[in-house]
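Worksheet: one structure, shown below.
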Amino acid sequence: MMETGEKNRHLGNTLKEMGRVMVAFSGGVDSAVVLKRAQQELGDDVLAVVVASELFRDSEFKAAVQLAEDLGVKVHQTEIKELDNSHIAANNPDSWYHSKKLLYTHLNQLAGELDYPYVLDGMIMDDEEDFRPGLKARTEEGIRSVLQEANLYKSEVRELAKSLNLPVWNKLASCSLASRFPYGTKLDRQKVNQVNQAELYLKRTGFEEVRVRYHDNVARIEVAADKIVDLLEKRVEVQHKLESLGFNYVSVDLRGYRTGSMNEVLPEASMEQKIVANA
């Protein structure tokens with residue numbers, strides 16, 4: 001079994017062979033390791049592409065741009081309109097595939113225009129063990145997942161990120177705001193903003209790891225299990241704030257925060273098709 005150092009060397013050799021790359025950069029730990037290692041191996045022949053979308057927070061976009069600039073990497077800012085795509089706005093299980101397809105198609109178009117022969121993403125080995133619709137879209141579009149090619153798992157990627165002095169080495173994972181909605185609930189900008197504002201408020205209140213799941217006029221809040229008591233102590237304040245955002249009822253999920261909770265009601269057959277994303 002390869003040690004992390006050996007995997008890192010393999011990653012470096014893979015990047016050297018490519019010569020010139022574009023990195024889909026989200027500002028998370030995985031893509032940050034890809035970007036930094038590409039910069040180390042290829043110098044100026046690396047471009048960080050940061051993509052804005054209605055389904056991701058502006059703060060995440062700005063933070064990714066800032067981090068790439070701080071690393072001294074060339075940055076290209078661009079945008080996709082996910083909610084203008086009827087397949088994505090429909091918010092069915094296969095919407096995740098269409099979301100990734102839109103992203104990767106857009107990146108490939110940019111790569112052709114800007115003369116970059118390879119587009120890299122930040123998928124890791126853990127993603128192979130989960131239900132990730134992006135895998136199919138990635139393969140169709142020829143995107144290279146160099147961390148997977150080096151057989152790197154999340155714990156190893158965080159270890160590398162820390163050794164590379166990346167400030168995001170222990171950053172919590174973020175995901176599309178679409179993951180807060182039950183499948184079949186059509187997405188629009190008002191609903192997405194309602195959930196986004198509720199989560200931002202709870203984060204400011206001290207709940208960094210939080211999801212607000214949308215059930216029409218009900219907000220179902222997930223926080224870490226050991227934070228549920230803290231949340232209940234602030235229930236009056238939280239209730240008033242979320243009511244002001246348009247929710248009539250506010251509930252707390254007693255199972256606590258967990259990824260993919262919207263997938264729990266899907267029939268087993270849908271899970272086996274591997275079209276479901278976690279968040």
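None of the figures in this text is laboratory data; all of them are computed from the coordinates on show. Keep in mind that what you see is a predicted model, and the values were worked out from it rather than measured. Ideal geometry is used to build each Cβ from the backbone, glycine not excepted, and the neighbour counts take in all protein chains shown.
The calculated FRET efficiency for the pair Asn165 and Arg57, based on their C-beta separation and a Förster distance of 25 Å, comes to about 0.50. When shorter helices are ignored and each DSSP H run of at least 4 residues is given -39500 (n - 2.57), the per-residue value for the chain at 222 nm works out to -13500 deg cm²/dmol. For the chain, the Cβ-based charge dipole about the Cα centre amounts to some 480 debye (Lys, Arg positive; Asp, Glu negative; other atoms uncharged). Charged side chains reduced to their Cβ positions (Lys and Arg at +1, Asp and Glu at -1) give the stretch 75-161 a dipole of some 120 debye around its Cα centre. Relative to one another, the C-alpha centroids of the stretch 1-43 and the stretch 166-211 are positioned 28 Å apart. Rounded to 0.05, the FRET efficiency of the Glu17 and Ala173 pair, given R0 = 35 Å and the Cβ-Cβ distance, is 0.75. Exceedance of the 19 Å cut-off in Cα-Cα distance is limited, within the set Lys36/Lys136; Lys81/Lys171; Lys191/Lys241; Lys81/Lys191; Lys7/Lys154, to Lys36/Lys136; Lys81/Lys171.
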